[in-house]
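Peer 1: The structure is given below, and queries will be raised subsequently.
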Amino acid sequence: MTNGVSSEILFDYEATLRGFIVSRPVSDTHYDRLIDNGEKILRVQIKSTAHKKRNRWHVKAHGKVYGSYELYGSRVDVIAVHVKPENVWVFYMSSDIKAKDLYVSTKSSNNWVIFDATKDKAEAIRMHYPPSHL
């Protein structure tokens, strides 16, 4: 089982435990999962990493589109990063990511409230990671 597949399965399990409805697309899409929290549906791209650079975990924050690499932008709502050595999740709003490489700090890890409809989107973003992490 590849690192990506095991992280996707773990994401499904963790999200389901938290009461979210998890859907997996049956065809190729820009996202890996849909999360339904009862009020809205979010498109999620799942990434995993075990590669550390300068005291932060490194992950590619882009996908391949028509043979070239592009940021996910508006095609994905949330990027879910599974930091495998620490077994934690860190979530980012895709629209806030401006670089193809993401350096993740686990100080604001397991911030599942980003999917919670009861939280204001901007508040959720501020709670989960300071802009310096991008």
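Please treat every number below as a calculation from the coordinates, not as lab data. Because the structure is a prediction, the values reported are computed rather than measured. Because the Cβ atoms are built from the backbone with ideal geometry, glycine has one as well, and the counts that use them run over all protein chains shown.
Peer 1: Enumerate the calculated ³J(HN,Hα) couplings along region 101-111 in order (Karplus 6.51 cos²θ - 1.76 cosθ + 1.60, θ = phi - 60°), each rounded to whole Hz, writing x wherever the residue is Gly or Pro.
Peer 2: In residue order, the calculated couplings are 10, 10, 10, 9, 9, 8, 5, 10, 8, 6, 8 Hz.
Peer 1: With a Förster radius of 22 Å, plug the Cβ-Cβ distance of K84 and K53 into 1/(1 + (r/R0)^6) and report the FRET value to the nearest 0.05. Present the calculation step by step, with values, prior to reporting the outcome.
Peer 2: Values: r = 15 Å, r/R0 = 0.68.
E(calc), rounded to 0.05, equals 0.90.
Peer 1: Between E39 and D101, what is the FRET efficiency for a Förster distance of 35 Å, r being their Cβ-Cβ separation, to the nearest 0.05? Could you put the intermediate results ahead of the total?
Peer 2: Numbers: r = 33 Å, r/R0 = 0.94.
That pair, E39 with D101, gives E of 0.60.
Peer 1: Using alpha-carbon pairs under 8 Å, 6+ residues apart, how would you state the relative contact order of region 75-117 in percent? Write down the numbers at each step before the final one.
Peer 2: On the way: 42 pairs, mean separation 15.1, N = 43.
It rounds to 35 percent for region 75-117.
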